[in-house]
Amino acid sequence: MRFWGIGILLSLLSLPLSALTRTDYRAVHGMLSNGWVVLRAWSEAGEPRCLAVDPATLEVSVVSGNPDSVKGEAPQKSTYELLRTAVRERRDGVQNAGLRVGRPQRTGAWLTFDLCPSTHPLDRDLFRDLETDASPLPVFLEVSGRWMATHPADLSWLIEQRDAGLLEITWVNHTENHNYRPGVPLKENFLLLPGTDLDAEVFTVEQRLLERGELPSVFFRFPGLVSSPELVDRVLALGLIPLGSSAWLAKQQSVKNGAVVLTHANGNEPEGLEILERWDHRHRPDLFTGAWHWLDERDWVGAAPPAP
Ligand SMILES: [Zn+2]
């Protein structure tokens, strides 16, 4: 293993994620001496901290030390870089850039639930229902900062479900404001609205999660699934991996092996949840025998889609 020679003291063993104020929160790129990729750095009560990802497994951790002089790139054949390359190769167009499918080792699909800003409560009954499929049930929750700010009890409930061993949550960044202007063409809407500060949209959600003692994952979902090739490049440059979808259920796309399934659990898409529950109930025998799985973050290892 190469050592980049700046003497970062690594303590990957669960640093307490306290509610102390973070200052100077910023993007950083480079490898730690243990081969992890640094994504962010900040100062917390005067102590340097960083957020790093294991490029082999996508596991994320908060690490002590100042990473400002780190260098290097993750191995091209690592899970992290293979997935990022797959996204880079499919970034044309204005909608649904990012990972839409994977090639998992197990038969199944990834469940992703968008938590865009909403005046409705979280669809808790949906999670209670699906939790009988697996313990814990792996879910990718695309969380917006405005949803977190306006649904503190629902957010706490999700964390409690996770702590009780019922959910395995991968937090996916869905931006702070999730801005949208009705009537504006897609190619100028959502994150493409003039004046959008991408760094602030991304970093604020990450800091909200850290403030709650949660770890942001490397995954990102574009609001409205709307982006441009240039915007995809900027999200990749922040070290993130955009998730698209091949199975937006409310749009009549179907669940298939390796699909990234998209529904909204924020009360705005009851028809999508109904389709998901019907599909799920029909396939419960397969879930119980292991012929079908709801996939987790580790199932992305070795699952990068082939070149288009
Ligand atoms: Zn959304």
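Of the numbered conditions (1) part of a loop (DSSP other than H, G, I, E, B); (2) farther than 27 Å from L99 by Cα, P194 fails exactly one; give the number of that condition.
It is condition (2) that P194 fails.
Of all residues in segment 207-226, which are closer than 25 Å to A304 by Cα and away from the ligand (no atom under 16 Å from the Cβ)?
Across segment 207-226, the qualifying residues are L215, P216, S217, V218.
For segment 115-138, indicate whether the set of residues that are under 17 Å from the mean Cα position of the chain (by Cα), among the aromatic types (F, W, Y) and over 13 Å from D296 (Cα atoms) is non-empty.
No, segment 115-138 contains no residue that is under 17 Å from the mean Cα position of the chain (by Cα), among the aromatic types (F, W, Y) and over 13 Å from D296 (Cα atoms).
Specify the residue that is farthest from the ligand (Cβ to nearest atom); the eligible residues are those in segment 256-276 that are acidic (D, E) and loosely packed, with under 15 Cβ neighbours inside 10 Å.
Here the residue is E274.
Do we find a residue being more than 16 Å from the ligand (Cβ to nearest atom), in the same structural domain as L225 (by TED's automatic domain parsing), in a loop (DSSP other than H, G, I, E, B) and in contact (Cβ under 8 Å) with a residue 12 or more places away in the chain anywhere in segment 171-187?
Looking for residues that are more than 16 Å from the ligand (Cβ to nearest atom), in the same structural domain as L225 (by TED's automatic domain parsing), in a loop (DSSP other than H, G, I, E, B) and in contact (Cβ under 8 Å) with a residue 12 or more places away in the chain, one finds none in segment 171-187, hence no.
Would you check if D114 is in contact (Cβ under 8 Å) with a residue 60 or more places away in the chain and within 16 Å of the ligand (Cβ to nearest atom)?
yes
Please verify whether segment 48-58 includes one or more residues that are in contact (Cβ under 8 Å) with a residue 40 or more places away in the chain, among the β-branched types (V, I, T) and in contact with a Lys or Arg (Cβ under 7 Å, 6 or more places away or on another chain).
yes
Which of the residues belonging to segment 235-255 are buried (at least 23 other Cβ atoms within 10 Å of the Cβ) and part of a loop (DSSP other than H, G, I, E, B)?
L240, S245
Just one of A134, A109 is buried (at least 21 other Cβ atoms within 10 Å of the Cβ) and in contact with a strand residue (DSSP E or B) (Cβ under 7 Å, 6 or more places away or on another chain); which is it?
None of the other options fit; the residue is A109.
Yes/no per residue for (1) without any contact (Cβ under 8 Å) to a residue 12 or more places away in the chain; (2) assigned to a strand (DSSP E or B); (3) in contact with a helix residue (DSSP H, G or I) (Cβ under 9 Å, 6 or more places away or on another chain); (4) within 19 Å of Y25 (Cα to Cα):
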| position | (1), (2), (3), (4) |
| --- | --- |
| R208 | no, no, yes, yes |
| V260 | no, yes, no, no |
| E271 | no, no, yes, no |
| I275 | no, no, yes, no |
| R278 | yes, no, no, no |
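Which of the residues that make up segment 244-255 are of a type outside the set (G, A, S) and more than 13 Å from the ligand (Cβ to nearest atom)?
L249, K251, Q252, Q253, V255 - these are the residues of segment 244-255 that are of a type outside the set (G, A, S) and more than 13 Å from the ligand (Cβ to nearest atom).
Please find, among A97, A134, A149, the residue that is within 16 Å of the ligand (Cβ to nearest atom), assigned by TED's automatic domain parsing to the domain that holds L238, of a type in the set (G, A, S) and in a loop (DSSP other than H, G, I, E, B).
Checking each option against the conditions leaves just A97.
Taking segment 100-125, which residues are in a strand (DSSP E or B) and either among the aromatic types (F, W, Y) or more than 26 Å from I159 (Cβ to Cβ) (or both)?
Residues satisfying the conditions are V101, W110, F113.
The values are calculated or read from the model by the stated rules, or taken from the named source; none is laboratory data. Worth saying up front: this structure is predicted, and the values here are computed from it rather than measured. Cβ sites come from the backbone with ideal geometry, for glycine too, and all protein chains shown count toward neighbours.
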